[in-house]
Amino acid sequence: MTANSTHPDERSQVLAEKAPDSLNSSQQLHLLSSCKYADQLLSEAESILFASGSKSAFPKYQPDLAPMQAKVVEDYIARIRAQMVRVLKSQASRLPLPAWAPRVPFASISSSLR
């Protein structure tokens, strides 16, 4: 090694010391978008899970999990969501506020009738 070069371990340590603790705004937006998409997929899976257990006369899905297995899946979905929220909060990301559920359909109906 020359006098000006550094050992690879020393370089990685220097780079690690210079790395910022939090994500920049673009990275935060990407993380938030990814988590929102993952949450959407989890909601779809959850919806199918609940629909398959429905007592509907014309079910869309046939249950393929035992009740205990469905409970385990539901618990895992809750854990994944809790972990996503922890990660977002640790990166100082603001979680988007949800819309008021009853207002959404009524607003659609109101605008359709105009």
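Read-outs throughout are calculated quantities, based only on the coordinates presented, and are distinct from any laboratory measurement. Please read these numbers as outputs of a predicted model, since none were measured by experiment. A quick note on method: Cβ atoms are made from the backbone with ideal geometry, for glycine too, and the neighbour counts reach across all protein chains shown.
Quick look at the values:
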| read-out | value |
| --- | --- |
| Table column - 3J(HN,Hα) (Hz), segment 28-43, Karplus curve with 6.51, -1.76, 1.60, x for Gly and Pro | 4, 5, 5, 4, 4, 4, 5, 5, 5, 5, 4, 5, 4, 5, 5, 5 |
| Nearest-0.05 FRET efficiency for His30 and Ala70, computed from C-beta distance (R0 22 Å) | 0.10 |
| Net lengthening on full extension, Ser90/Leu41 (0.36 nm per residue, minus Cα-Cα) | 15.4 nm |
| In order through segment 67-79: 3J(HN,Hα) via Karplus (6.51 cos²θ - 1.76 cosθ + 1.60), integer Hz, x for Gly, Pro | x, 5, 5, 4, 5, 5, 4, 4, 5, 5, 4, 5, 5 |
